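What follows draws every value from the coordinates through simple rules; no lab data is involved. Since we're looking at a predicted model, the values are computed, not measured.
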Amino acid sequence: MNFLLALLPTDTKNLITLGQQIISALDTPAERKAAINQGIKMLQDGKITPIEWTQWGKSLGVFKIGKK
């Protein structure tokens with residue numbers, strides 16, 4: 001994977017790396033899939049409401065207190 005990332009433009013590579021780091025904080029593949037799908041869905045109309053940001057933050061575990 002790192003070999004392929006090295007071939008991409010810096011901006012694209014940085015976006016992929018950021019996405020990987022955000023999603024890697026989730027515990028299960030199901031949580032990761034749900035968060036990715038929700039992120040894609042909320043971006044479809046080109047606008048993100050405060051409610052959508054909050055819901056996505058919740059799916060990403062932003063509001064979890066402490067560690068499991």
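Working from Cα positions, state the angle (0 to 90°, nearest 10) between the long axis of helix 50-59 and the longest principal axis of the chain.
80
Number of Lys pairs in the chain with C-alpha atoms less than 29 angstrom apart, excluding same-chain neighbours closer than eight positions?
The result is 19.
HN-Hα J couplings of segment 20-27 from phi, Karplus 6.51/-1.76/1.60, θ = phi - 60°, integer Hz, Gly and Pro as x?
Per residue, the Karplus-derived 3J(HN,Hα) values read 4, 5, 5, 6, 5, 6, 7, 7 Hz.
Could you tell me how many degrees, from 0 to 90 and to the nearest 10, lie between the Cα long axis of helix 29-43 and the main elongation axis, the longest principal axis, of the Cα atoms of the chain?
Relative to the chain, helix 29-43 is tipped by roughly 90 degrees.
Percent relative contact order of the chain, based on C-alpha pairs within less than 8 angstrom and at least six residues apart?
Dividing the mean separation by the residue count of the chain yields 28 percent.
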